[in-house]
Amino acid sequence: MTRLFTPPHRALDVALEDPADGNLMTRLLEELAGRINFSEDAAFYVAGPTGKILFISAGFASVAGQPPEAGQIANDVFRFISNNGESYIRDEVVKSVSGGRARHVRSYHYPIFDNSGALIGIVGHYVEAASQNGMPAAADQNAARLLDQLRASSDLFWEMDAQGNLTALSNRATDILGKPAAHFIGQNLAAIGSFVDRSGRDAPPPEGIARHQPFRNAIFLMQGMAGQKYYLHMSGVPYFTADTGRFQGFSGVGVNVTERFQAEDQAAQAFRELEQAKEALMRRNVQLELERGRTEKALRAKTEFLATMSHELRTPLNAILGFSEAMTLKLFGSLSEQYTSYADDILRSGRHLLSLINTMLESAQVDGGEVVINTKVVDIAEAVSQCAMIVQMRAQAKNIDLGKTAISPGWKVRADPMLLTQILVNLFSNAVKFTENGGAIGVEVGTGLKAGMPIALITVWDTGIGIPADQQSRIFDKFVRGDNAPAYDDMGEGLGLGLHVSKRLAELMQGGIQLHSVPGKGSRFTLELPLAGTP
Ligand code: ADP
């Protein structure tokens, strides 16, 4: 037997099977004593969080009828649990334990939370209703139905009198505030929360309240037990006496909009971030535009410089070439064999230098967008055989078979004939350069689609050294040469510009160049150009 209740309540002796229940109940009663003010003969029960009855007040039997046993789960607690742990009100007709008249009893059942917001118990209390005949009056039933509807359509409903004091408050308030709604009856609306603006700062009550006019969706902030914030949209309508029309008070409802506010805040935050990102992007764009302008200017300056330089270089180079050629041809008299061989060297080196200067100028022009393109319908077979002829001497010197370069006439592309020749000569020259003695070079033609457009695929293949996979994407870049390229150069170093220029030219003609190569087996360079006819 433990004595558990302190004055002003009557001390009661309760039998508890489990000492742990004693601790829990002490806590529960402490929580309760701070919150509710039951009279001595109040009828109430206290159950633990699992629903097990821990305490029955002495006044229980006289109001609520036969009390449940300690340790059992009472029917009302079952209802509470099956109501998803939400407060509820119940009206019933009760016969007192000793028999006698039936009474209409209203009971309130609600959860008790501790300061951390955890459910520590369930409390129900019972009051005898005024109804005389033992049955809830029809008006009461209507009112109860109305309350049910209100409960379903809102999260909170309330009523206040002309002085602004609460005369009714739904049990949903209990769930939020952790104190029985009944506790707030008679207190001002401010006892359960405060009007705020959308950003949570204190705001004056809606004007409608002072003017006795309806108000809608005023934002009302209620603070939960553990400090959680509940935002409600409060709406209210005034009511007046039917006979004199005197203002009586307000009734209203609150709809929990906390989640909606959170979602709105998150959306607003995301929008702000997006705006910031947009601004940053715009700033970056302006910077890029500036940089592009600068780059274009620099590129123009470079092209101009290269054009001027190559012109300046070509003038003296022409003199070197002309005079050394005259010397090799012994136009003006005999020359010792030694000098003739020197003159020969001067002529060959000079020609190489000239071709390097020309390539550089070309590359600068291609990059500077200064290439003028005159597209025509060109027969591929003709262009290919011309180019094969140009490299024939060099191929012969290495005993390379050009037999498979012949293709059937009738394949036509739309291209600038000069530029097409330049690309093909470059591909052929490379094929000869990077193929060992006794190898073979060939050409194949096919068709394909590029961005929905029919294209001719002109493949120049060789059985040469091939290109390692890790270098394949880079060799089209400017000034990039393969690692073993110098070993195959008869004329000194190339510049690594040929493929770069060729690819750019092909692109300028709505085409491109693809590479497929297996080191040690050979390479296939496929030139794509708009198709203009097939055999
Ligand atoms: P260059 O011939 O002056 O070096 P290119 O741009 O024409 O410049 O070629 C770049 C590099 O691509 C070459 O140095 C070489 O390594 C590689 N290459 C080009 N064509 C072939 C080929 N048919 N076989 C093997 N390697 C090739």
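The values are calculated or read from the model by the stated rules, or taken from the named source; none is laboratory data. None of the values given here were measured: they were computed from a predicted structure. Every residue, glycine among them, receives a Cβ derived from its backbone with ideal geometry; neighbour counts consider all protein chains shown. SASA here: full protein model, heavy atoms, side chains in, ligands and nucleic acids out. Shrake-Rupley method; radii C 1.70, N 1.55, O 1.52, S 1.80 Å.
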| What length, rounded to one decimal in nm, is gained on full extension from Thr167 through to Ala487, with 0.36 nm per residue of separation minus their alpha-carbon distance? | 105.0 nm
| message | Run the numbers for Ser408 and Gln472: contour at 0.36 nm per residue of separation, minus the present Cα-Cα distance, in nm. | response | 20.0 nm
| said: Just to confirm, what accessible area per residue do you get for the chain at 1.4 Å probe, in whole Å²? | reply: 55
| task | Roll a 1.4 angstrom probe over the protein heavy atoms and tell me the percent of accessible area of segment 342-433 that is carbon or sulfur. | result | 56
| At a Förster radius of 41 Å, what calculated FRET efficiency corresponds to the Cβ-Cβ distance of Asp379 and Leu317, to the nearest 0.05? | 0.70
| message | Using only the alpha-carbon atoms, how far is helix 258-328 inclined from the longest principal axis of the chain? Give it as 0 to 90 degrees, nearest 10. | response | 10
| query | Arranged from highest to lowest average of other beta-carbon atoms within 10 Å per residue, in what order do the peptides 46-54, 219-227 appear? | reply | 46-54, 219-227
| field | About the Cα centre, charge dipole magnitude for segment 171-241 (Lys/Arg +1, Asp/Glu -1 at Cβ), debye | value | 80
| When the dipole is taken about the Cα centre of segment 147-281, and only Lys, Arg (+1) and Asp, Glu (-1) are charged at their Cβ, what size is it in debye, to the nearest 20? | 140
| query | How high is the FRET efficiency from Glu370 to Glu273, r the C-beta distance, R0 45 Å, rounded to 0.05? | reply | 0.50
| Label points 7 Å out from Cα along the Cβ direction at Glu289 and Thr258: separation in nm? | 4.9
| message | Need one number: % antiparallel among DSSP beta bridges in segment 387-535, to the nearest 5. | response | 95
| Considering only protein heavy atoms and a 1.4 Å probe, what is the carbon-and-sulfur percentage of the accessible area of segment 177-241? | 53
| Point-to-point label distance, Ser341-Thr308, nm (Cα→Cβ direction, 7 Å offset) | 4.3
| message | From the helices alone, meaning DSSP H stretches of at least four residues, give me the mean residue ellipticity at 222 nm for the chain, per-run term -39500 (n - 2.57), in deg cm²/dmol to the nearest 500. | response | -13000 deg cm²/dmol
| task | Express in whole angstrom the spacing between the alpha-carbon centres of segment 180-214 and segment 341-376. | result | 88
| said: About the Cα centre, and with charges only on the beta carbon of Lys, Arg (+1) and Asp, Glu (-1), how big is the dipole of the chain? Nearest 20 debye, please. | reply: 760
| Ordering of 344-351, 367-374 by burial proxy (mean other Cβ atoms within 10 Å per residue, highest first) | 344-351, 367-374
| request: Go through 482-488, 178-184 and give me the packing order, highest mean Cβ count within 10 Å leading. | output: 178-184, 482-488
| remark: Out of Thr435, Leu329, Gly293 - ranked by how far each Cα lies towards the positive end of the dipole of the chain, with unit charges on the beta-carbon of charged residues - the top one is Leu329
| message | Below 8 Å between Cα atoms, with a sequence gap of 6+, how large is the relative contact order for the chain in percent? | response | 7
| Along the positive direction of the dipole of the chain (beta-carbon charges: Lys, Arg +1; Asp, Glu -1; about the Cα centre), which of Leu221, Gly252, Tyr45 reaches farthest? | Gly252
